[in-house]
Amino acid sequence: MFEFANFLLLGLFAAGSISLLPVVSRKQSIRAWWSDEALLLGNWGIAYRERLGRICFYAALGLYEFAMLFCYSAVKSLAPELMDSFLDVLSNGIAVLLAVKILLGTRYAGQSLLVSGILYFIARWVHFNAHYIWWIWLVFFILACKDVSITLSMKILLATGIPTFLLFSILWAFRCIPDYSSNGRMAFGTVHPNVASGILLGFLLAWLIIKRSRLSWGDIAVTGIYMVFCEIFPHSRTAFGAAAVLLVLLLIVKLLESRNRLRPAGRLFACSLTACVPLTCFLSFWLPMLFNDTASSLNPFVVKLNDTLTGRICLTALSMDYYPIKIAGQMLDRMQANDLYLDNVYAYMLYALGPVMLFLSCCLVMYAIYRYARMGQWVVTCCFIAMVAYSFAENQVLRLQVAPLNLLLVGAVFALPAERWLPDTQDS
């Protein structure tokens, strides 16, 4: 992935430089270059290249969903070396498909090329320090999903992901693969019960994004069933909490819609909704500070919350003492004081990806919530707020197969006008 990340950066830089040649030769004004979109590397075969780019993206998305679910399931333990080789082949194929879409099949204006290029440069920089494979895959797909059908993308994720999940779940049920269930918590063929609930959450979010303009009571019932399922079988408290938040928000949206009182948000209300991001980020660091500085008798609420979240607040407190903050991130090993990973996504990003990337990511999510609320896309807005809640105790939100909602950040990343944030005119 390091080679591909470098190739893509050089390709974007070279293509961006070539796009400036008409400006240098005074055949195009700088204003036109800044605002008018065009394919990189010349305008040859425009219709063919755009169609090829979309096909490559959809194929890469389906391959990614299969590869990341199957190759990182409990099946891997049967033949680790073979599975790693298989994953390498799939990863190389996905990388080639994404490169074709990004460099040959995507239109850029000077503004979108500059903004997305700077963000990609920073993301690649921190990836080279953090070595977090889920992060760089997420960045690649956000870059590639410009002007593709969001609905079709979610259908591809479901069409690929659900059969794959059922496959290794059946193998798990018949004891053909190792069982990572523990203490009555079922892993369903994954490597951890929380991973299983996270994958199912990804399916739920993809379905809700598909139904975003025609939310039904049945969709709300499915959300409630998922919430109960997570509590009973994988017993994932984090997924249960996120589903509970999502269920309440969807109920409010549906009730307002049934009374014809659902309208796009005003500026003030939309801004207030974005406050969930800095508030969650603040709590992610403030609560561990209380846990560090006071005895349990002085802060029974923090201790109880820590126990409910299976020690996640304590783990964040330990990380604040153990890890230095580096501007471009670092590789995180297992905590010496606790054999658990750092699950809070804000703390994880601060130490693994650095404060710059944490700040930019929070800004992008806040802007996305603001814009979707202003557009009246309330189902999408509810999904974003639920994922913010989920991120308090899970870093799986950085995985596309768990949080397909990340693809909807493309409008913020490319600084697109609001009407192009949910494109569904092509290939739907």
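Just a few scattered comments:
- Checking residue 149 against (1) farther than 30 Å from residue 97 by Cα; (2) open to solvent by less than 20 Å² (accessible area, probe 1.4 Å), the condition it does not meet: (1)
- Annotation: residue 84 fulfils all but one of (1) loosely packed, with under 15 Cβ neighbours inside 10 Å; (2) modelled with pLDDT of 90 or more; (3) under 24 Å from residue 150 (Cβ atoms); the unmet one is (3).
- Of the residues making up the range 36-50, those that are part of a helix (DSSP H, G or I) and more than 25 Å from the chain's Cα centre (by Cα) are 46, 47, 48, 49.
- Members of the range 115-134 that are buried (at least 20 other Cβ atoms within 10 Å of the Cβ), within 29 Å of residue 417 (Cα to Cα) and of a type in the set (A, V, I, L, M, F, W, C): 119, 123, 126
- Whichever residue in the range 167-187 is part of a loop (DSSP other than H, G, I, E, B) and among the charged types (D, E, K, R) and, among such residues, is farthest from residue 206 (Cα to Cα): 175
- Filter result (touching a Ser or Thr at 6+ places or on another chain (Cβ under 6 Å) and polar (S, T, N, Q)) within the range 38-86: 73
- Here residue 262 clears all of (1) open to solvent by 30 Å² or more (accessible area, probe 1.4 Å); (2) without any contact (Cβ under 8 Å) to a residue 24 or more places away in the chain; (3) in contact with a Leu (Cβ under 6 Å, 6 or more places away or on another chain) except the condition numbered (2).
- Taken as a whole, the condition of being over 28 Å from residue 260 (Cβ atoms), open to solvent by 10 Å² or more (accessible area, probe 1.4 Å) and touching a Leu at 6+ places or on another chain (Cβ under 7 Å) does not apply to residue 400.
- Checking 244, 221, 206, 196 one by one, the residue that is assigned to a helix (DSSP H, G or I) and open to solvent by 40 Å² or more (accessible area, probe 1.4 Å) is 221 and no other.
Residues are listed down the side, and each one gets a yes or a no for (1) among the aliphatic types (A, V, I, L, M); (2) modelled with pLDDT under 95; (3) in a helix (DSSP H, G or I):
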residue	(1), (2), (3)
321	no, yes, yes
329	no, yes, no
336	no, yes, no
352	yes, yes, yes
385	yes, no, yes
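- Counted residues, the range 387-428 - those being part of a helix (DSSP H, G or I), among the β-branched types (Val, Ile, Thr) and within 26 Å of residue 35 (Cβ to Cβ): 2
- Being assigned to a helix (DSSP H, G or I), within 30 Å of residue 314 (Cβ to Cβ), without any contact (Cβ under 8 Å) to a residue 60 or more places away in the chain and touching a helix residue (DSSP H, G or I) at 6+ places or on another chain (Cβ under 9 Å) is a property that residue 287 has.
- Residues that are open to solvent by 60 Å² or more (accessible area, probe 1.4 Å) and under 23 Å from the mean Cα position of the chain (by Cα), drawn from the range 67-81: 72
- If you check 30, 46, 18 for being surrounded by fewer than 16 Cβ atoms within 10 Å (Cβ to Cβ), farther than 20 Å from residue 127 by Cβ and touching a strand residue (DSSP E or B) at 6+ places or on another chain (Cβ under 9 Å), only one passes: 46.
- The residue list 168, 233 contains one member that is open to solvent by 20 Å² or more (accessible area, probe 1.4 Å) and in contact with a helix residue (DSSP H, G or I) (Cβ under 9 Å, 6 or more places away or on another chain), which is 233.
- Looking across 164, 190, one residue alone is outside any helix (DSSP H, G or I) and either in contact (Cβ under 8 Å) with a residue 12 or more places away in the chain or β-branched (Val, Ile, Thr) (or both). It is 190.
- Some residue of the range 120-131 being outside any helix (DSSP H, G or I), more than 14 Å from residue 38 (Cα to Cα) and either among the hydroxyl-bearing types (Ser, Thr, Tyr) or modelled with pLDDT under 90 (or both): yes
- Residue pairs whose Cβ atoms lie under 6 Å apart, separated by 6 or more positions or on different chains, with the first residue in the range 10-28 and more than 18 Å from residue 119 (Cβ to Cβ) and the second open to solvent by 30 Å² or more (accessible area, probe 1.4 Å) and not in a helix (DSSP H, G or I), are 22/28.
- Pairs where the first residue, in the range 352-365, is within 19 Å of residue 319 (Cα to Cα) and the second is in a helix (DSSP H, G or I), C-beta under 6 Å, 6+ apart: 352/130; 353/126; 353/130; 354/126; 357/126; 358/349; 358/350
- Subset of the range 174-189 (residues that are among the aliphatic types (A, V, I, L, M) and open to solvent by less than 60 Å² (accessible area, probe 1.4 Å)): 177, 187
The values are calculated or read from the model by the stated rules, or taken from the named source; none is laboratory data. Everything quoted here is computed from the prediction, not taken from an experiment. We place every Cβ from the backbone using ideal geometry, glycine too, and count neighbours over all the protein chains shown. Heads up: the accessible areas ignore ligands, DNA and RNA and are worked out on the full protein's heavy atoms, side chains in. Shrake-Rupley method; radii C 1.70, N 1.55, O 1.52, S 1.80 Å.
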